[in-house]
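The values are calculated or read from the model by the stated rules, or taken from the named source; none is laboratory data. Small disclaimer: the values here were computed from a predicted structure and weren't measured. Ideal geometry is used to build each Cβ from the backbone, glycine not excepted, and the neighbour counts take in all protein chains shown. SASA here: full protein model, heavy atoms, side chains in, ligands and nucleic acids out. Shrake-Rupley method; radii C 1.70, N 1.55, O 1.52, S 1.80 Å.
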Amino acid sequence: MKELLYPFDSAFLLKNRKKIKRQLLSDKTQRIKKKIAVLGGSTTNDIVSMLDIFMLDAGIECEFYSSEYNKYWEDAVFPNQELAEFAPDIVYIHTSVRNITEYDFDMGMSADEMDILLEKQFGRFRQMWESISEKYSCPVIQNNFEMPSYRVLGNRDAWDIHGLVNFVTRLNMKFYEYAREHQNFYINDINYISACCGLDKWSDPAYWYMYKYSVNPCFVPELAHNISNIVKSVFGKNKKALALDLDNTLWGGVVGDDGVDGIEIGHETATAEGYLAFQNYVKQQQKIGILLTVASKNDYENAVAGLNHPDGSLRPADFINIKANWEPKDMNISQMAQEIGILPESIVFVDDNPAEREIVSAQLGIAAPVMDVPENYIRVIDRNGFFEVTSFSDDDIKRNDMYKANAQRAEVIKKFENYDDYLKSLEMTAVIDKFQPVDLQRITQLTNKSNQFNLTTRRYTQTEIEEISSDENYITLCGRLEDKFGDNGIVSVVIGKKDGDTLHIDLWLMSCRVLKRDMEYAMLDTFVCEARKNGIKKLAGYYYKTKKNNMVKNLFSDFGFEKLSENENEDTVWELCIEEYENKNKFINVKTTVEV
């Protein structure tokens, strides 16, 4: 919904939140369902209602539990039957500088005494986080602290150990250190967004004294949006690619009319500086694994010439796909998504032309934020949080190279008349093994991102994956595929739960970038072998239909399973007796500790 894209009208959202929620729920979008517990050190009702609509817009339908006012610590630490029965999927702790209880302004205190207060305050929060982790095994989102609204020592408050600004800064640093050392723990950076909004307005004391609001209500949408960015990232709802216009988006002017020498990019003018800064920002997005593409109404030669401008920072090689022609941009983006192997909804369309944004957004249902003037381009993309990073793996660093290699494969296949000969030419090797500790982060990431080739669409937190990997009642496999063009990374994950002589397949997913390369058969061969070693005689498979996973509707049939049942939603149950199973993979050399 475009009203929920930054920059949004906060007053409009607050006034119309119920109407917006009804509109979102009536759009027939299939959403995953999650439970969020909000434990507040101040009034949180408005935060919950705004978070609700941002989550719906992100494809997540939430049920909420809210603590009583300022009972966040008690709810987290002490037994709470209501919260236990609620069984949260994620806990958000909304605290502010007003919830710091251990600081004492006393200029006579020594540095050691101030350190003791700091450790005591941090220990109180750490006890809470560890209690939540032990009881609910779910991710925790914790606010850091905004700066205080006054400085008793003036500028000295920042560096003197007795100053509250100093205390808050050091406490925030301890929170960050804890986040670095603990998976499934995330910081909601209200220190940053309060600075963006303006600290005096953000912490308006009148709202605290009257209503116990630690945040000025007019900024609640900004706060809720920031929280939603973390939640949607945890549950795999991030965007994956930028589709970028060129003229007046990556540079000033029209390269076809003005020529390469006439476009504005570089350091010569203020406008040129703005476009260069945006190109630099886009290049940084690429370094965290965001795919870059071009969707421009232009002659291809002019587009490439503009991207090769010596004062720009982006080059044609930085892009996975360049669509520079005179076809409608929505058609180009749709074709681009198909060629890359992602869904159109995973793409953010960036174009200065409002008409083009409206058409593309209406036709494809993708995000197309308002891009008015170049000095705002970075802020708009960045503050929308399309690419919020909650986990990061080596595969993210390599993602652009992986997709470029896919493009090379697509070119090579055109040279073969026989598909089997093409597969042989790839010289594929797969490493298939049980879940290893070093791979758990990537496995969790894959379970939350893969939609099209995902039979049950189960989502897992890293804690759940860790528990499953060490549980003898489960058989787990992850597969990595490499060929002569490069390493695709971990591309397939399978989880099976033992039940007597039957193994129930809880999860079977694969990255779409390795479709039709026999990887699914290599995984099945290895899975059957491991099942036999565990005394399993039958595999039970399940397909739960969604709008996105129709491509695997007949996968179990292709595997040789027998269909046992099908309901009105076309969800199906399958079974395979494995005593006489014969390996199906023909083209991949498999390396594994599981003997196949």
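With a cut-off of 9 Å between beta carbons, the residues surrounding residue 68 carry a summed charge of -1, where Lys and Arg count +1 and Asp and Glu -1.
Between residue 455 and 508, the built amide H atoms are under 5 Å apart, and every one of these is 5 or more places off in sequence or on another chain. Restricting the trypsin sites (Lys or Arg not before Pro) of segment 1-79 to loop positions (DSSP other than H, G, I, E, B) with no more than 11 neighbouring Cβ atoms within 10 Å leaves 28.
Electrostatic tally near residue 282: other residues with Cβ closer than 13 Å to its Cβ, Lys and Arg +1, Asp and Glu -1, net 0. Of the DSSP H helices in the chain, not one has a Cα length along its own long axis of 24 Å or more together with a mean Kyte-Doolittle hydropathy reaching 1.0.
Probing with 1.4 Å while keeping every protein chain in the model, the per residue accessible area of segment 324-445 equals 48 Å².
Mean separation of Cα pairs under 8 Å and 6 or more residues apart, divided by the residue count, gives the chain a relative contact order of 10 percent.
The mean accessible area for residues of segment 41-196, using a 1.4 Å probe and ignoring ligands and nucleic acids, is 44 Å² per residue.
Using every pair of distinct Cα positions in segment 211-353, the Kirkwood expression returns a hydrodynamic radius of 16.7 angstrom. Calculated [222 nm] ellipticity per residue, helices only, for the chain: -12500 deg cm²/dmol; basis is -39500 (n - 2.57) per DSSP H run with n ≥ 4, divided by all residues, nearest 500.
Just want the answer: with Cβ charges of +1 for Lys and Arg and -1 for Asp and Glu, which residue in 536, 137, 225 is farthest toward the dipole's positive end in the chain? It is 536, whose Cα lies furthest towards the positive end.
Ranking 42, 59, 26 by how far each Cα lies toward the positive end of the dipole of segment 1-74 (charges on Cβ) leaves 26 at the top.
Computed in the context of the full set of protein chains, the accessible area of the chain at 1.4 Å probe radius has 46% of its extent on carbon or sulfur. Each residue of segment 135-280 gets 206 Å³ once the volume of the Cα convex hull is shared out per residue.
Dipole magnitude for the chain: computed about the Cα centre from +1 point charges on Lys and Arg Cβ and -1 point charges on Asp and Glu Cβ, it is near 980 debye. Hey, if you put +1 on the Cβ of every Lys and Arg and -1 on every Asp and Glu Cβ in the chain, which of 423, 527, 11 ends up farthest toward the positive end of that dipole? Going by the Cα projections, it comes out as 527. For segment 468-596, the solvent-accessible area works out to 46 Å² per residue, with a probe of 1.4 Å and every protein chain left in place. In the chain, which longest range has no GluC sites (Glu not before Pro) that are both DSSP loop (not H, G, I, E or B) and surrounded by at most 11 other Cβ atoms within 10 Å? By the stated rule (loop sites, at most 11 other Cβ atoms within 10 Å), 69-267. Exposed loop sites were defined as chymotrypsin sites (Phe, Trp or Tyr not before Pro) in DSSP loop states (anything but H, G, I, E or B) carrying at most 12 other C-beta atoms within 10 Å; in the chain the longest segment without such a site runs 327-596. Geometric descriptor of segment 389-509, per residue, is 127 Å³ (volume of the convex hull of the Cα atoms). Charges only on Cβ, +1 for Lys and Arg, -1 for Asp and Glu: so what's the dipole of segment 217-309 about the Cα centre, in debye to the nearest 20? The dipole magnitude comes to about 940 debye.
Close amide-amide hydrogen proximity is noted between residue 294 and 244, 321, 322, 323, each under 5 Å apart and 5 or more residues distant or on a separate chain (H modeled in the peptide plane; Pro and chain starts excluded).
Each listed q (0.18, 0.20 Å⁻¹) maps to a log10 I(q)/I(0) for segment 281-396 from the Debye sum over equal C-alpha point scatterers, namely -1.07, -1.35. Dipole magnitude for segment 62-188: computed about the Cα centre from +1 point charges on Lys and Arg Cβ and -1 point charges on Asp and Glu Cβ, it is near 340 debye. Percent of alpha carbon pairs in segment 229-312 separated by more than 14 Å? Beyond 14 Å sits 65 percent of the P(r) for segment 229-312. Of the three principal axes defined by the Cα atoms of segment 446-596, the extents in descending order read 43, 36, 34 Å. Treating each Cα of the chain as an identical point scatterer and summing with the Debye formula, the log10 of I(q)/I(0) at q = 0.05, 0.06, 0.07, 0.09 Å⁻¹ comes to -0.25, -0.37, -0.50, -0.82.
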